[in-house]
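The structure appears below as structure tokens.
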Amino acid sequence: MARICRICGKGRSVGHKVSHANNKTKRSWKPNLQRVRGNFDGQVKRVLVCTDCIHSGRVKKVA
């Protein structure tokens, strides 16, 4: 399963870790994904959604 938000499509972003000596090595930042039961396409599904989408109300949660 890919670590991508099902609502906004947010995935990992890549960049450099920079040390005090200005050495650069590759690293990645992963989105804060939560498994949520919600109403998607008229059906109740359990999907991975980022916390930005949960806070903004783009997800209709189901109890």
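The values are calculated or read from the model by the stated rules, or taken from the named source; none is laboratory data. All figures in this text were calculated on a predicted structure; none of them were measured in a lab. We place every Cβ from the backbone using ideal geometry, glycine too, and count neighbours over all the protein chains shown.
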Residue hits (segment 42-62; without any contact (Cβ under 8 Å) to a residue 12 or more places away in the chain and at negative phi) are Gln43, Lys45, Arg46, His55, Ser56
Of the listed residues (Lys45, Lys24, Lys30), the one being out of contact with any strand residue (DSSP E or B) (no Cβ under 6 Å at 6 or more places or on another chain), at pLDDT 95 or above, surrounded by fewer than 14 Cβ atoms within 10 Å (Cβ to Cβ) and not polar (S, T, N, Q) is Lys30
Within segment 1-13, residues in contact with a Phe, Trp or Tyr (Cβ under 8 Å, 6 or more places away or on another chain) and at pLDDT 95 or above come out as Arg12, Ser13
For segment 15-41, pairs from a residue that is farther than 17 Å from Val62 by Cα and without any contact (Cβ under 8 Å) to a residue 24 or more places away in the chain to a residue that is of a type outside the set (A, V, I, L, M) and assigned to a loop (DSSP other than H, G, I, E, B), with Cβ under 6 Å and 6 or more apart or across chains, are Ser28/Arg12
